[in-house]
Amino acid sequence: MSAPVLVYDGDCGFCVSWVRVAERRIVDGTGLVSVSWQAAGLEEPLRLRARREVLLLHPDGRRVWGGADAAAVLLVNSPHPYWRPLGSLLRRPFARAAGAAAYRWIARNRHRLPGAPARWTAGK
């Protein structure tokens, strides 16, 4: 890899929508590559993890951030300086725990959030 890779659930409308927002507003111009886990060709341990949370893969291939930690790293490394303080905050212990809890709640409830495919919300 020559650029960081953001791996997300391509079957989740909510996830796809937020990745597109991040591409336009947070990481534009950084060379970040976004790919769904379904098309990424990940090895089994990473594929299982990517089914539960967004992953950010470092170009060196040795570092992986997931969930709220991935979001914090994206924000800290944004070319837009106004995102960096939020990313730094999300890396502090209390905010990191709160961000992780919020991320887990969103991940569990993404089928109820705007952008979810109709097949997820039908009959609920």
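Some points to look at:
- Across region 43-70, the number of residues qualifying as under 13 Å from L6 (Cβ atoms) and outside any helix (DSSP H, G or I) comes to 10.
Per-residue answers, yes or no, for (1) of a type in the set (A, V, I, L, M); (2) crowded, with 16+ Cβ neighbours inside 10 Å:
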residue	(1), (2)
V19	yes, yes
G29	no, no
L32	yes, yes
H80	no, no
R92	no, no
A101	yes, no
R108	no, no
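- Only residues that are in a loop (DSSP other than H, G, I, E, B) and under 16 Å from the mean Cα position of the chain (by Cα) were counted across region 71-104, and they come to 4.
Read-outs: derived from the displayed coordinates by stated rules, not from any lab. Here the structure is a predicted model, which is why all the values come from computation and not from measurement. All Cβ positions, even for glycine, are placed from backbone atoms using ideal geometry, and neighbour counts span all protein chains on display.
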